[in-house]
Structure formats: C-alpha cells, structure tokens
C-alpha cells in the first residue's frame, strides 16, 4: 500500500498533530493552519531524475513557456484555485478544466528554485532514496510560514497528458500526487472518502487525483471561505510589444497591484509587483507596461479591498510571446431573457492575408436577430438593457439571426469594410460586439454581448 504523509516540523507542538474533524457529514479534515494571501507562491526545484517526469515537451496554451515537471506541478496548484483555467481539452486525466476549488484561494507560480530550500520556502522537489511505502510528504508550519513538498526518488514519476500512457507498476502521476500534497500545504489532512484527492492511498496511477471531488471542494471552501463575488477575476491576457492588456471583472478603478513571476530563478518567491495601476471600461480592462524583471509564468491582480478575496486567479503570462497578440474578452455583459449573458468570440488566424475571421456570439435568446459592429476604441456606456463597450467611431456589419442554441455567426470579409475608415489592416487592433433584439428581456427590448478585443497581423 502506497501512502502519502503530512509531516509537521519537529518544532511544531503536539497539538499540531491533531487533525480536526469537520462538523458535518463530509470526510475531509483540517490540519488547523492556512496560508495568507502573501504565502501562496509555488516554486519547483526540478531535480526529478526520471525521464518520464519531464516528458511533456509540448507547450500548453494555458501554461505558456512551461513543460515537464514544472508544468505538472503548476497545474496541480491551479486546480485548487477559485476560477476555471483552460477547458481541460487534450488531457484525459483532467476533466472540466483546472480551478474547481471555488474558494477564496489562488496560487501564484514563481517558477524555478535553485534548491529544495528550507521549511517554509514553498517549494516542490525530489528527495533521494525511499521510505517504505511513502510516495511523498509535505512539511508545513502551523503558524502560517509556509511549506515544502518532497517526492521520493525510488518511485517513477510521469507527467503530462500522455494520451496513450497506460498504468505500470511503480509509476505514479506527478500532477495527481502534487495535487494531493498541495492540499496538505493549504491546510487539509487526509480524507476518509476513497474518491477524494485527499484520500491517503492513491489509485493505481494517481491520475484521478488531478481533479477535485465534492469532498475536497467542501474542505478547501471551509478553510478559505466560498469565493467572494467581488473578487477580481482575470479572463484573458494579451501582450503587444511591452504592453500587457488584461481583461476580466471587479478590478479596482485605481490602486490595483499587478503581480508577475520573477524572471530569474532562485528568488525568494516574492512576485514582481506593479503598483497603483488603473483600470478602465468599468473595471474590466487594464493596460500596463511589463516590468523588465517580469518573466514567463503567470500574472495576478491584487486589490486592497479586503483579504484573500482580493487576489485574483492566476493567468498564464508569456513575457516574449510569439505570433499575433491573443484576442481578449472584456466588459461585463448583462443577462438576457434566456438567463445568461451573450459572449463574443472569433474563429480566426488573426491574419489579414488569410482573411479567415468568423465572428460569433453565444448565449443570446434562441432565434434572436442582431448585428455585429466594431470600433478601434473601447467604451463603457449603459444603453438599452446592457452596455456598449465600444468607444466609436462605429462600423456596422450585416444583420444576423441566432440559431436555436442562441449562437450567431458572421464571416468577416476584410476586403470589404462597411466604410473606408473601417478598413482592418495588419498591426491594427479592433473591438467587436453583438447588439441583439430581446423583447422579453427588459424594458428596452434589446441587449449587448460582452466585447472582444481582436488584434490583426500579417
């Protein structure tokens, strides 16, 4: 039987060894500690000697610039967060995307460490040798000073989606085991639910531990609270030269802190911070010059309105991206008569030469009529039953009818702009929105989707 252990340091009191049972029918238990908002950095001393532990060499769009053991451990920490991160596609061991914890907790990944560090350095690393049937263990202080996790070298660690990977004796999924161990760092002990990630004995290969079950979610929410509705949320990020544009919701109008991963490895875990950053478009859009010290990893937004609820989810950040800047949704759409907001998107290579862009909006009332329109600028103005998120001048496209699922599509012909001023060229950035009829939805009888910021390149 393979087990995983949580070990308080020798200096911890005997009281720290007592696991506290939850006052409910849930099977999770608490260790009695939690990490504050400044202690949630994660670093990896990638000394994993197994080739299999570093076999994921394919860049993941949700985790740019990372591969191998670092990606596996990064994904494990994100799983406990408050917001979904990616859609889980391409990873049969990770269903439904990452970030299903739903609590007031979010991690920041701070890249590579130069050593395993000291207790409290918030580091994952491999440990020489073995200890009977123990796969890994986590050391943690009860006073909130941090943690570190070790994985015994005698086991064969594997990572990545590995579509064709089949269980083998002595092989264990690094991401799954890391998800379990990070739960210990956050303050969860071993659950008695055999289907929980925090159960002490892993499944045959540990892969099902990549995704939290209901008992794990109940435990993390009991420790950190349910996600506050005012918590800042990042839904996208796009780099254009030295400027990073972040889209989301609940950003402060002034006084945001933007946290970046350190460029150099081996730091103390503190993120690079840009202070007093303003947002626009009703707290849904933020532009910032990228600090020279910032490196590829993730970016978070911290506001000063409270405690843990003020740290956003982590979003992947590539300091030197290749290709065209990524599209970006911004501006909060208001619900329509179907009960959901309408959301913009585009199927596009973003190439002017290819001329292959199709605009779409999902979540409108079935069979509703509307138009797509666009502008070189953003805005934020209540109109009708929603918001115009473009600033003008406006360029109107053809009328479209949504289908029975509420999805509207329009191929965009870049060679035939509605007016000369609306010509889309390489290097330009445009903002698109869907304006649609919704008679039962509100007094005005019409509403708007959110907005899509779409750069175009050669």
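The values are calculated or read from the model by the stated rules, or taken from the named source; none is laboratory data. Since we're looking at a predicted model, the values are computed, not measured. When we count neighbours, we look across all protein chains shown, and the Cβ atoms used for this are built from the backbone with ideal geometry, even at glycine.
Wholly within the range 168-270, which strands (runs of 3 or more DSSP E) include no fewer than the required count, namely at least 1 residues that are farther than 20 Å from residue 85 by Cβ and in contact with a helix residue (DSSP H, G or I) (Cβ under 8 Å, 6 or more places away or on another chain)?
171-173
Which of (1) over 24 Å from residue 420 (Cα atoms); (2) in the same structural domain as residue 428 (by TED's automatic domain parsing); (3) surrounded by fewer than 18 Cβ atoms within 10 Å (Cβ to Cβ) is the odd one out, the single condition residue 391 does not satisfy?
With (1) over 24 Å from residue 420 (Cα atoms); (2) in the same structural domain as residue 428 (by TED's automatic domain parsing); (3) surrounded by fewer than 18 Cβ atoms within 10 Å (Cβ to Cβ) applied to residue 391, the lone miss is (1).
Being under 14 Å from residue 343 (Cα atoms) and either surrounded by 12 or more Cβ atoms within 10 Å (Cβ to Cβ) or at pLDDT below 95 (or both), is that true of even one residue in the range 414-430? Please lay out each step first, then the result.
Residues of the range 414-430 that are under 14 Å from residue 343 (Cα atoms), as a first pass: none.
Checking the range 414-430: not a single residue is under 14 Å from residue 343 (Cα atoms) and either surrounded by 12 or more Cβ atoms within 10 Å (Cβ to Cβ) or at pLDDT below 95 (or both).
Of all residues in the range 121-152, which are part of a loop (DSSP other than H, G, I, E, B) and touching a strand residue (DSSP E or B) at 6+ places or on another chain (Cβ under 7 Å)?
121, 122, 129, 130, 133, listed by residue number.
If residue 158 satisfies all but one of (1) surrounded by fewer than 18 Cβ atoms within 10 Å (Cβ to Cβ); (2) at pLDDT below 90; (3) closer than 20 Å to residue 209 by Cβ, what's the number of the condition it fails?
All conditions are met except number (1).
With the structure loaded, tell me whether residue 269 is surrounded by 19 or more Cβ atoms within 10 Å (Cβ to Cβ), more than 12 Å from residue 108 (Cα to Cα) and modelled with pLDDT under 90 or whether it fails that test.
Here the answer is no, as residue 269 does not meet what is asked.
Kindly provide the set of residues from the range 377-392 that are out of contact with any strand residue (DSSP E or B) (no Cβ under 6 Å at 6 or more places or on another chain) and part of a loop (DSSP other than H, G, I, E, B), ordered by number.
Within the range 377-392, just 377 meets the criteria.
Return the residue satisfying two criteria in turn: it lies in the range 250-266 and is surrounded by fewer than 21 Cβ atoms within 10 Å (Cβ to Cβ) and closer than 15 Å to residue 232 by Cβ, and of such residues it is nearest to the chain's Cα centre (by Cα).
Ranking the candidates gives 257 first.
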